[in-house]
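The values are calculated or read from the model by the stated rules, or taken from the named source; none is laboratory data. Since we're looking at a predicted model, the values are computed, not measured. Note: ideal-geometry Cβ built from the backbone for every residue, glycine included; neighbour counts use all protein chains shown. The accessibility values were calculated without ligands, DNA or RNA, using every heavy atom of the protein model including side chains. Shrake-Rupley method; radii C 1.70, N 1.55, O 1.52, S 1.80 Å.
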Amino acid sequence: MSKVLDPNHVRAQFPILTREVNGKPLVYLDHAASAQKPVPVIEAQREYLMHYHSNVHRGVHALSQQATDAFEHARTIVQRHIGAASSSEIIWMAGATDGINLVAQAWGRENISKGDVILITEMEHHANIVPWQMLAEERGAHVEAVGVLDDGTLDLQDFQEKLKVNPKLVAFTHISNTLGTINDAKQLTAWAQAAGAKVLIDGSQAVPHAAVDVQDLGCDFYVFSGHKSYGPTGIGVLYGRQSLLESMRPWKGGGEMIDVVSIRNGTTYAGLPHKFEAGTPHISGAIGLGVALTWLNGLGVESVMDHETVLAAQARHGLRKLEGMRFIGTAPESAGVVSFVVDGVHPYDIGTLLDSQGVAVRTGHHCTQPLMERFAVSGTVRASFGAYNTLQEVDTFVAATERAVNMLRA
Ligand code: PMP
């Protein structure tokens, strides 16, 4: 049994949540786009900038060593948090998008050939679609997508059917940012690998809400962004299986990623993980992300997930009463995301009226245009929850939505 989370205790650690927006207390329901930051994360970055900022790995001086220690310690925190076998398998990236692009460029260009299939799903974020399309175009390969059922679950029959062509790579999201659907990532990985594919999982929406163990999942690559997991923007992680990372050529060249550089004899590369980390990294970001994951662990990620599930259920319960309400994504296994459209009312107009009442939600396609096409909508209103949201906020949101819809229909 996970312990019950007290969101008011959590909220007290988020200075931004005390502010007002348009004269009303802020109700922040846009976690899936980016999470707010708790004081320890803000303080850790401030501490670094105030007291020991220096470049990492290069200096013998005290500041550089302190910065390097903190930076590498953060890598170890990430390793433990996602259950990787070694910290060499943790590559600092600018975010999930950056990680997927690295795999597409460094692994994809060497391993994807003419006629090959890259299998994704219809519920992917554009970050897990476009890099594969770019790669496929360059290599003469094809991108195919597994369908989504009416309730927003992945069509498993279609998944197995599409594996019959033996795709080289299968890339799918662990949790959908638009539908909230939780995919059975372990099962999908096993099926894909049995068909001979390498597997990349987009964990952007999973790491902030669920326990992740990459060894248990058995995947080849796993990516996530720091900023959705209470950490800073501009930092993220690519996990790759060690043997696979070792077999890959680096993508970006520059300082930090080399062993010896010679104009005459050419260049040899550093070992993992530095081989993929050209240039000065986002040092304060990495340190902040380490603190964010430690903080999240302190809450207990299962408790966070349970709490968010209760919030989402209460939101659905309240919204269901509105005439013309249609939820997009009602899968039995889903995380704290509620996406909907209301007959005859534009999502953007609802979002604008909610903002005027201090409620921050996201409207539009959520970088999942193929999913919008699948559900024949131009966009949705999406409320997404974090550890700091309360049931009272859900009630405020539901009442504000009702007012907005009534006004727009009047
Ligand atoms: N994948 C998913 C499922 C996401 O929700 C997002 C962010 N909305 C991304 C990838 C891209 O993350 P970033 O922009 O931080 O690289």
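Rounded to the nearest 20, the size of the Cβ-charge dipole of the chain about its Cα centre is 560 debye, with Lys and Arg at +1 and Asp and Glu at -1.
Here is the link list: Lys24/Lys228; Lys37/Lys186; Lys114/Lys168. Which ones come out longer than 21 Å on Cα distance? List each step's numbers first, then the result.
Working: Lys24/Lys228 25 Å; Lys37/Lys186 30 Å; Lys114/Lys168 11 Å.
Pairs exceeding 21 Å: Lys24/Lys228; Lys37/Lys186.
Please give the per residue accessible area of the chain, computed with a probe of 1.4 Å over protein heavy atoms only, in Å². Per-residue accessible area for the chain comes out at 42 Å².
Can you tell me what share of the DSSP beta bridges in the chain is antiparallel? A percent to the nearest 5 is fine. That works out to approximately 60 percent antiparallel. Ranking Gly196, Ser284, Val337 by Cα position along the charge dipole of the chain, where only Lys, Arg, Asp and Glu carry charges on their C-beta atoms, puts Ser284 farthest toward the positive end. For segment 211-230, the residues whose amide N sits under 14 Å from a probe point set 7 Å from the Cα of Lys186 along the beta carbon direction are 211-219. The string of couplings for segment 201-211 from the Karplus curve (6.51, -1.76, 1.60, θ = phi - 60°) is 10, 8, x, 3, 9, 8, 4, x, 10, 9, 6 Hz, one whole number per residue in order, with x for Gly and Pro. For Val359, the residues 5 or more places off, or on other chains, whose built amide H falls under 5 Å of its own are Val27. You can think of it this way: the chain between Lys24 and Gln215 has 64.2 nm of extra reach, that is 0.36 nm per residue less the Cα-Cα gap. Here segment 157-312 is assigned +1 on the Cβ of each Lys and Arg and -1 on the Cβ of each Asp and Glu. Its dipole about the Cα centre then comes out at about 640 debye. Overall size of the chain from C-alpha positions, given as principal axis extents largest first: 76, 55, 40 Å. In the elastic network of the chain, a GNM with C-alpha springs shorter than 10 Å, the most mobile of Ser88, Ser229, Ser356 is Ser356.
Note on the chain: dipole from Cβ charges, positive end direction compared against Tyr222, Leu299, Ser54; the farthest Cα belongs to Ser54. Between helix 62-81 and the chain there is an angle of about 60 degrees, using the helix long axis and the longest principal axis of the Cα atoms. Around the amide H of Thr181, modelled in the peptide plane, lie the amide H atoms of Ser176, Ala335, all under 5 Å away and 5 or more residues distant in sequence or on another chain.
Using a probe radius of 1.4 angstrom, the carbon and sulfur fraction of the accessible surface of the chain is 51%. Each peptide in 3-16, 178-191 gets a packing score, the mean of other Cβ atoms within 10 Å over its residues, and the list from highest to lowest is 178-191, 3-16.
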